[in-house]
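Notes follow once the structure below has been shown.
Bear in mind these aren't lab numbers, they're just calculated from the coordinates by the rules spelled out. Owing to the predicted nature of the structure, the values given are computational and were not obtained by experimental measurement. In this analysis, Cβ positions are derived from the backbone assuming ideal geometry, glycine residues included, and neighbour counts consider all displayed protein chains.
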Amino acid sequence: MGRIYNYLTKTKIASGLQCEKKLWNEVHQPLKKKKKAAFNRGRLFGDQVIKNYSQKNLKILDLSETWPNIAVKDTLNAIKSDKIDIIFEATFEYNNTLVRTDVLIKNNNGWDLIEAKSSTKLKPEHIPDVSIQSYIARKSLEVIGKKLLNIKLIHINTEFVLKKKGDYKNLISDDNDLTKRVNEKEVQSYIKKLLPITSKEANCPKIDIGLHCVKPYPCDYIERCKSVLKAPNVTPYTILPYIGKSKKLIEYMEDNNTVDLQKVPSSFFIDRKDYAPGYHQIIQEAHKNNKPWFSSNLKEIIKKFKFPLYFIDFETAQQGVPIIIGTDPYYPLPFQWSVHKWESKNKTVDKGKSFLKFNDQDIERQFIETLLDAVGNEGTIFAHSAQSVEIKTLERLKEKDSCKDLSGKIDNLIARVEDTAIIAKHNFYSPLMNGDWGIKSIINALPNSKISYTEDENISGGDDAVLAWFICTDPKTTVEDKEKQKKLLLEYCSKDTLALYYLIKYFFDES
Ligand code: SF4
């Protein structure tokens with residue numbers, strides 16, 4: 001088992017800088033680590049970084065597969081030996097703080113440090129991040145009489161487009177010299193402040209949820225912190241969209257020593273054009289009366305829907321290191337769709353159709369051809385948050401050389417799409433949704449929907465689906481694993497479209 005107490009890493013310091021309670025949770029009561037798509041994107045970019053810097057005929061030491069305590073010794077021995085020119089994942093420990101640097105390059109009598117990020121640009125949070133690396137590396141090098149000279153951040157070049165399989169020249173953008181921008185003095189104060197939180201005896205800091213829970217990174221402990229807020233029979237005010245995490249409201253509720261949604265004065269409520277007028281009031285009243293709310297317009301709205309009704313959902317993946325020719329690193333590659341069809345009111349929904357491919361070079365052509373076939377030429381098509389995924393994807397496909405001949409048919413499809421998120425936000429709210437109109441929250445409010453996203457080992461959200469895409473495109477994945485991921489993806493996407501059917505059916509039944 002690795003070290004737990006009295007010990008910081010770069011990640012732990014970053015957590016502590018976001019919220020000391022987050023750091024305390026990570027040390028004392030950590031959640032099981034959830035695999036994330038971003039990790040795979042970063043790993044693949046890391047492989048390209050290694051390839052890029054390995055091309056220079058240097059003597060290389062790669063410590064990426066070495067345990068940290070051994071890597072610390074190996075790093076110092078390699079530097080002292082003067083026989084190594086470049087170290088990948090060089091590892092240093094100073095003042096109970098351990099860091100792993102992506103690339104360390106010998107430069108005369110000193111060393112240059114390069115940090116690789118799979119982002120598209122230098123972000124403000126990268127400066128303290130790199131400062132931690134450079135401070136610990138500098139101090140460790142000083143102990144053995146060496147110097148840290150230059151510090152650079154490299155990231156993905158957004159202008160890169162894959163033109164030839166395996167040709168990643170120009171994927172890396174290396175124009176961020178941070179030598180003069182790092183602030184190592186601050187790192188000493190971070191360590192002084194945060195190290196005590198990692199001691200076995202440290203108490204959990206008393207910090208309420210707020211804007212810091214989502215910036216710069218969404219905090220994995222949000223459910224734990226929310227559950228502490230929940231007093232019996234009290235719905236917390238934090239469920240209110242957009243204002244639930246606002247500084248002003250948090251201060252007001254703290255001053256009044258309450259978390260009760262019913263105690264939020266209407267002067268805090270705001271309107272947004274994508275929601276029903278007075279939607280904060282609607283939420284407050286629905287919870288007070290413990291009853292769902294339907295707008296009086298719902299009946300008129302559903303009259304416009306034309307059978308057969310179709311329910312669609314797409315999954316897209318941002319590859320980071322693109323493998324499909326003609327795509328760029330953050331192009332949302334459509335790789336899966338699901339469609340359910342409801343022929344007429346007196347029939348039940350069909351068994352559904354699906355498309356799922358991973359790395360076929362003509363994946364987009366296959367995607368759109370099969371989709372057009374599945375949704376026919378008439379009938380309303382429903383998609384949840386269609387404006388941000390499905391319609392954008394269709395608009396992009398229309399412009400692709402490989403799909404241009406289908407643009408008329410794609411336009412016809414787009415004209416038939418209704419966004420269930422917009423319909424629901426304007427016309428429906430249930431206290432079982434807890435302030436959220438995502439389909440996975442709405443489904444909790446639909447009687448007899450029979451859909452659950454909470455089973456063990458399933459895919460429970462878009463990020464899991466992208467992670468499955470990464471697993472299935474990894475040549476090292478076994479056939480069994482790939483089959484398992486395919487099955488999970490098919491079940492997941494199909495659940496989303498079935499959920500839309502249950503939502504629209506509920507609207508028909510209630511109006
Ligand atoms: S959810 Fe918010 S308050 Fe709770 S640990 Fe995370 S950042 Fe801190």
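Reducing the range 435-511 and the range 328-362 to their Cα centroids gives an inter-centroid distance of 12 Å. Semi-axes of the equivalent ellipsoid for the chain, computed as √(5λ) from the eigenvalues of its C-alpha gyration tensor and ordered from largest down, come to 46, 32, 18 Å.
Could you state the number of Å between the C-alpha centres of the range 238-262 and the range 36-106? Each part reduced to its Cα centre gives a spacing of 46 Å.
Here the range 257-273 is scanned for amide nitrogen atoms under 18 Å from the site 7 Å beyond the Cα of Leu211 along Cα-to-Cβ, giving 268-270.
Fully extending the segment from Asn448 to Ser511, taken as 0.36 nm per residue of separation minus the present Cα-Cα distance, adds 21.0 nm. When Cys204, Cys19 are arranged by Cβ crowding within 10 Å, least crowded first, meaning fewest neighbours, the order is Cys204, Cys19. Estimated at 0.36 nm per residue, the fully extended path between Thr478 and Asp436 surpasses their Cα-Cα distance by 11.3 nm.
Exposure proxy shown here: for His155, His384, the number of other Cβ atoms within 10 Å sets the order, fewest to most, as His155, His384. Given a Förster radius of 56 Å and the C-beta distance between Ile144 and Ser344 as r, what FRET efficiency does 1/(1 + (r/R0)^6) yield to the nearest 0.05? Calculated value: 0.10. Close amide-amide hydrogen proximity is noted between Gln319 and Tyr331, Leu333, each under 5 Å apart and 5 or more residues distant or on a separate chain (H modeled in the peptide plane; Pro and chain starts excluded). Taking amide H as placed 1.01 Å from N in the peptide plane, Ile154 has its amide H under 5 Å from the amide H of Glu115, Ala116, Lys117, each at least 5 places away in sequence or on another chain. Taken along the Cα-to-beta-carbon direction at a fixed 7 Å, the label points for Lys165 and Glu395 span 3.4 nm. A crude spin-label estimate for the pair Ile243 and Lys226, with each label 7 Å from Cα along the Cβ direction, gives 1.9 nm. Cross-link reach is defined here as a Cα-Cα straight distance under 20 Å, omitting same-chain residues fewer than 8 places apart; for Lys404 the lysines meeting it are Lys163, Lys392.
Excluding same-chain neighbours fewer than eight residues apart, the lysines reachable from Lys33 by a Cα-Cα span under 21 Å are Lys10, Lys12, Lys21, Lys22, Lys117, Lys200, Lys215, Lys226, Lys484. Extension gain for Cys204-Ile127 works out to 25.0 nm (0.36 nm per residue, less the C-alpha to C-alpha distance).
Its Cα centre serving as origin, the range 298-510 has a Cβ charge dipole (Lys and Arg +1, Asp and Glu -1) of approximately 700 debye.
Taking amide H positions as modeled 1.01 Å from N, with prolines and chain starts lacking one, the residues under 5 Å from Glu418 and 5 or more places away or on another chain are Ile381, Phe382, Ala383.
With a simple spin-label model that places each label point 7 Å from the Cα along the Cα-to-Cβ direction, the separation between Lys32 and Gln188 comes to 4.4 nm. Run down the aspartates and glutamates and flag those whose C-alpha is under 16 Å from the C-alpha of Lys487, throwing out any fewer than 8 positions away in its chain. Within the straight-line cut-off, Lys487 pairs with Glu315, Glu455, Asp456, Glu457, Asp464, Asp496.
Rounded to the nearest 500, the 222 nm mean residue ellipticity of the chain from helices alone is -12000 deg cm²/dmol, with -39,500 (n - 2.57) taken per DSSP H run of at least 4 residues.
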